[in-house]
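Student: This is the structure I want to talk about, given as structure tokens.
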Amino acid sequence: MIEVHKLNKYFGDLHVLKDIDFNVEESEVVCLIGASGSGKSTMLRCLNFLEMKNSGEILLKGEEVDPRKNDLNKVRQQVGMVFQHFNLFPHKTVLENVMEAPTQVKKTSKADARKEGKALLEKVGLEDKADDYPSRLSGGQKQRVAIARALAMKPEIMLFDEPTSALDPELVGEVLQTMKDLAKEGMTMVVVTHEMGFAREVADRVVYMHDGKIVETGAPKDMFENPQEERTQAFLSSIL
Ligand code: ADP
Ligand code: MG
């Protein structure tokens, strides 16, 4: 699904991603972990072309994406993204939020977008909130709407950037459950998270980043119980 070769990204003089090699198979769930500032968000943003790489290759489904040749809006439709802050449109209802991109970007008819939107809200357990405004929802509910909104574009890959970090602890579980359901359905997912329980249970692979590099990659069990690199050990013992 995703192949990254020798990806480099700079912000001015700051070298943020250093020769990153990274692959994600179809239906795989990869959790990206690492300290703040290690480059996790930048990595996701490069995969979604919200940030432009300086060098290296990014292939989606076997084809290199070249910003000069490919329509990046089309590419972004294949790659859904959920952020820490949900950024729902406050003046639109929950259902309208979910319908927005399909009707505006894909020119889906309102009737179809409404039908699909309702089905997605049901999937994230919020069908009864369709006509409410986001301000009436809890943080966990807002994040589930944000997930439904991203799914409305029928992406083939979903990227999550610390989707539960802004939530009160009691609301984290419902969002993780929604993500777990999505993983079970076979969605290809890259998840930046500090929720090690989720990583352990749901991830096929965990990738540890430090200072713009991938230090270690492995199955969750191996990574958590028997990390090979000193850096990984230090990071894990600082958070577990
Ligand atoms: P993480 O998500 O792992 O915390 P980030 O990818 O957000 O890390 O950031 C990696 C580094 O890049 C940090 O040093 C951060 O300050 C820097 N950085 C991120 N975005 C920008 C930007 N738009 N302009 C300049 N520096 C940035
Ligand atoms: Mg980040």
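Taken together, the values in this text are just the output of simple stated rules run on the coordinates, not laboratory data. Owing to the predicted nature of the structure, the values given are computational and were not obtained by experimental measurement. Heads up, the Cβs are rebuilt from the backbone with ideal geometry, glycines too, and the neighbour counts pull from every protein chain shown.
Student: What does the extension gain come out to for N226 and R136, with contour length at 0.36 nm per residue minus their alpha carbon separation? Write out the running numbers ahead of the final one.
Tutor: Numbers: separation 90, 0.36 × 90 = 32.40 nm, distance 4.46 nm.
Length difference between fully extended and current span is 27.9 nm.
Student: Just add up the charged neighbours of A219: K/R +1, D/E -1, any other residue whose Cβ is under 9 Å from the Cβ of A219.
Tutor: 0
Student: When the Cα centres of the range 177-198 and the range 92-171 are compared, how far apart do they sit, in Å?
Tutor: Result: 17 Å between the Cα centres.
Student: Which residues' amide hydrogens lie under 5 Å from the amide hydrogen of M209, considering only partners 5 or more residues apart or on another chain, with H built in the peptide plane?
Tutor: Long-range HN contacts for M209: I33, G34, V215.
Student: Next question, about the same structure. Classify the chain as rounded, prolate or oblate, taking a ≥ b ≥ c as the square roots of the eigenvalues of its Cα gyration tensor: rounded when a/c is under 1.5, otherwise prolate if a/b is larger than b/c and oblate if not.
Tutor: Numbers: a/c = 1.98, a/b = 1.36, b/c = 1.46.
Oblate shape, in that a/c is at least 1.5 and b/c is the bigger or equal ratio.
Student: Additional query: Placing +1 at every Lys and Arg Cβ and -1 at every Asp and Glu Cβ, with all other atoms neutral, what dipole size does the chain have around its Cα centre, in debye to the nearest 20?
Tutor: Details: 32 positive and 39 negative charges, 185 e Å.
The dipole magnitude comes to about 900 debye.
Student: With +1 assigned to the C-beta of every Lys and Arg and -1 to the C-beta of every Asp and Glu, and no other charges, what is the dipole magnitude of the range 2-124 about the Cα centre in debye, to the nearest 20? Could the numbers behind the result be given before it?
Tutor: Values: 19 positive and 18 negative charges, 119 e Å.
In debye, rounded to 20, the range 2-124 gives about 580.
Student: Provide the net charge surrounding Q233, with neighbours chosen by a C-beta distance below 14 Å and charges set as Lys +1, Arg +1, Asp -1, Glu -1.
Tutor: Combined, the nearby Lys, Arg, Asp and Glu give -4.
Student: Report the net charge of residues surrounding Q177, where surrounding means a beta-carbon distance below 14 angstrom and charges are Lys +1, Arg +1, Asp -1, Glu -1. Present the calculation step by step, with values, prior to reporting the outcome.
Tutor: Numbers: positive: K123, R144, K180, K184; negative: E170, E174, D181, E185, E195, E201.
Overall, the nearby charge balance is -2.
Student: Rounded to two decimals, what is the ratio between the C-alpha radius of gyration of the range 36-116 and 2.2 N^0.38 Å?
Tutor: On the way: Rg = 15.4 Å, N = 81, 2.2 N^0.38 = 11.7 Å.
With N residues counted in the range 36-116, Rg over 2.2 N^0.38 Å equals 1.32.
Student: A further question on this structure: Name the long-range amide H neighbours of G56: under 5 Å, sequence gap of 5 or more, or other chain; modelled H, no Pro or chain starts.
Tutor: Those lying under 5 Å, H to H, from G56 are N8.
Student: Hey, another quick one. Normalised by the residues of the range 106-207, what does the relative contact order come to in percent, with Cα pairs under 8 Å and at least six apart? Write out the running numbers ahead of the final one.
Tutor: Values: 76 pairs, mean separation 25.8, N = 102.
Here the relative contact order equals 25 percent.
Student: Rounded to the nearest 0.05, what FRET efficiency is calculated for L72 and K154 with R0 set to 30 Å and r the Cβ-Cβ distance? Working shown, then result.
Tutor: Values: r = 17 Å, r/R0 = 0.58.
That gives a FRET efficiency of 0.95.
Student: Let me ask you something else. Which residue, A111, F224, A35, has the largest displacement toward the positive end of the dipole of the chain when charges sit on each Cβ (Lys, Arg +1; Asp, Glu -1)?
Tutor: It is A111.
Student: With labels modelled as points extended 7 Å from the Cα through the Cβ direction, what inter-label distance (nm, one decimal) is found for F11 paired with L50?
Tutor: Spacing of the two 7 Å Cα→Cβ label points: 1.3 nm.
Student: Now, a different point. Run the quick spin-label model on S165 and I239: label points 7 Å from Cα toward the beta carbon, then report their separation in nm to one decimal.
Tutor: Between S165 and I239, the simple spin-label model gives 0.9 nm.
Student: Would the range 62-204 count as rounded, prolate or oblate if I go by the C-alpha gyration tensor, calling it rounded below 1.5 in a/c and otherwise prolate when a/b exceeds b/c, oblate otherwise?
Tutor: Numbers: a/c = 1.74, a/b = 1.05, b/c = 1.66.
The shape class here is oblate.
Student: Order of E230, E57, E216, E100 from fewest to most other C-beta atoms within 10 Å?
Tutor: Values: E230 10, E57 14, E216 20, E100 17.
Arranged by neighbour count, lowest to highest, E230, E57, E216, E100 become E230, E57, E100, E216.
Student: Which far-off residues, 5 or more places away or on another chain, put their amide H under 5 Å from the one on Q84, with H placed in the peptide plane?
Tutor: When sequence neighbours closer than 5 places are left aside, the close amide H contacts are D161.
Student: Do any of K123/K180; K6/K61; K9/K40; K92/K115; K61/K115; K40/K92 go past 22 Å between their Cα atoms, and which? Write out the running numbers ahead of the final one.
Tutor: Details: K123/K180 12 Å; K6/K61 17 Å; K9/K40 12 Å; K92/K115 17 Å; K61/K115 29 Å; K40/K92 31 Å.
Table pairs above 22 Å Cα-Cα are K61/K115; K40/K92.
Student: Still on this structure, I have one more. Give me S238, S138 ranked fewest to most by other Cβ atoms within 10 Å of their Cβ, as a rough exposure proxy. If you can, show how the numbers build up before the last one.
Tutor: Numbers: S238 8, S138 13.
Final ranking by Cβ density, sparse to dense: S238, S138.
Student: Mind sorting H85, H210 by how few other Cβ atoms lie within 10 Å of their own Cβ, fewest first? Could the numbers behind the result be given before it?
Tutor: Numbers: H85 14, H210 19.
Exposure proxy ranking, most exposed first: H85, H210.
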